[in-house]
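Okay, so here's the structure we're looking at.
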Amino acid sequence: PKYTALENFIKNLPTRFEKLTEYELLRNGRNRIVRCRVDGYGLVIKSYGNPSFINSIVYSTLRQSKAMRAYYNAMRLLQLGINTPEPVASVEVRGYGRLASSYFVSLDSGYTPLPAKAPYCSKDFCQMLDSLASFIIRLHDLGIIHNDLNPSNILYRRDESNGGYEFQIVDNNRMRFKSRLTLQDRF
C-alpha cells in the first residue's frame, strides 16, 4: 500500500525490465541488477536468472522463489532492527505451472558496497572494520545467518553525525534465522 504509485510499473515489470532505457547497471551475471528512477522513487531491481527446469518446479511447489525469500527476509531484517534497503515488491512470472522468472524490487538506499580489496589500513578504514565487526556480531546475536556474507553483499555509509559507519545487508534470499546461534554457526 505504501507504493501504490508504483503499482502499474510493478505489475508490468516482467515486460518493462528489458525495455528500461535510463538505468545504471550494477551487476550483469547470472542475475541482473539495475538502479533506476520510477515515478520519483529511486529503485534497485534484481532480475533473477531463469531457473533450471527442476528449480522452476521446486520454486512453484516446495519452496518460495528467491525473489519472494528476498522480500520476506528484508521485511524480517527490518523488524529485527537490521538495516537493509526497504523492500517494495516481489514479482513472479509463471507459465505452465512453473516459475519462469522473478524480480525483487527495493528502494535505492544510496549506500555503497564495501570494497572488494581492503585499501591500506588507515585510521578511518580500521574504524570501519571495527564497526563492521560489531554489526556482524549483532546479526549473529539476533540469530541471523546470511549464508553469502561477502563485501558485495554489505553496503555502508559514513554517519556524519557521529563519524561512525552504518551498514546494510543485501542479497538476502539465502538467509536463515535461528533463535540462537552456536559458535560453529557464527563461522
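Of all positions in the stretch 33-46, at least one carries a residue that is out of contact with any Leu (no Cβ under 8 Å at 6 or more places or on another chain) and modelled with pLDDT of 95 or more. Consider the stretch 25-84 and keep the residues that are in contact with a Pro (Cβ under 7 Å, 6 or more places away or on another chain) and not hydroxyl-bearing (S, T, Y). The one that is surrounded by the fewest Cβ atoms within 10 Å (Cβ to Cβ) is M75. Flag: S134 matches the condition of being free of Cβ contacts under 8 Å to residues at least 24 places away in the same chain, open to solvent by 70 Å² or more (accessible area, probe 1.4 Å) and of a type outside the set (D, E).
One residue stands out in the stretch 84-101 among those that are of a type in the set (S, T, N, Q) and either in contact with a Leu (Cβ under 6 Å, 6 or more places away or on another chain) or modelled with pLDDT of 95 or more (or both): the one that is nearest to L155 (Cα to Cα), namely T84.
Within the stretch 1-24, the residues that satisfy the criterion of being outside any helix (DSSP H, G or I) and open to solvent by 70 Å² or more (accessible area, probe 1.4 Å) are P1, K2, T21, E22, Y23, E24.
Just give me the residues in the stretch 137-187 being of a type in the set (A, V, I, L, M) and not in a helix (DSSP H, G or I), in sequence order. Reasoning before the result, please.
Step one: list which residues in the stretch 137-187 are of a type in the set (A, V, I, L, M), which gives 137, 139, 142, 144-145, 149, 154-155, 169-170, 175, 181, 183.
Answer for the stretch 137-187, where residues must be of a type in the set (A, V, I, L, M) and not in a helix (DSSP H, G or I): L142, I144, I145, L149, I154, L155, I169, V170, M175, L181, L183.
The set of residues from the stretch 91-116 being assigned to a strand (DSSP E or B) and not small (G, A, S) comprises V91, E92, V93, R94, R98, L99, Y103, F104, V105, L107, T112, P113.
I'm checking my understanding of the structure. Among residues of the stretch 145-165 that are of a type outside the set (K, R) and touching a Ser or Thr at 6+ places or on another chain (Cβ under 8 Å), which one is farthest from I45 (Cα to Cα)? Working first, answer last.
Filtering the stretch 145-165 down to residues of a type outside the set (K, R) leaves 145-156, 159-165.
Applying the additional criterion that residues be touching a Ser or Thr at 6+ places or on another chain (Cβ under 8 Å) yields 155-156, 164-165.
Details: L155: 16, Y156: 19, G164: 29, Y165: 25 Å.
In this case the residue turns out to be G164.
Got a sec? Which of P151, P115 is over 22 Å from G49 (Cα atoms) and open to solvent by 20 Å² or more (accessible area, probe 1.4 Å)?
Details: P151 fails: over 22 Å from G49 (Cα atoms).
P115 is the lone residue from the list that is over 22 Å from G49 (Cα atoms) and open to solvent by 20 Å² or more (accessible area, probe 1.4 Å).
Scanning the stretch 44-57 for residues that are of a type in the set (D, E, K, R) and assigned to a loop (DSSP other than H, G, I, E, B) turns up nothing.
The values are calculated or read from the model by the stated rules, or taken from the named source; none is laboratory data. As the structure is a prediction and not an experimental result, all values here were calculated from the model. All Cβ positions, glycine included, derive from the backbone under ideal geometry; neighbour counts span all protein chains shown. Note: areas computed on protein heavy atoms with side chains; ligands, DNA, RNA excluded. Shrake-Rupley method; radii C 1.70, N 1.55, O 1.52, S 1.80 Å.
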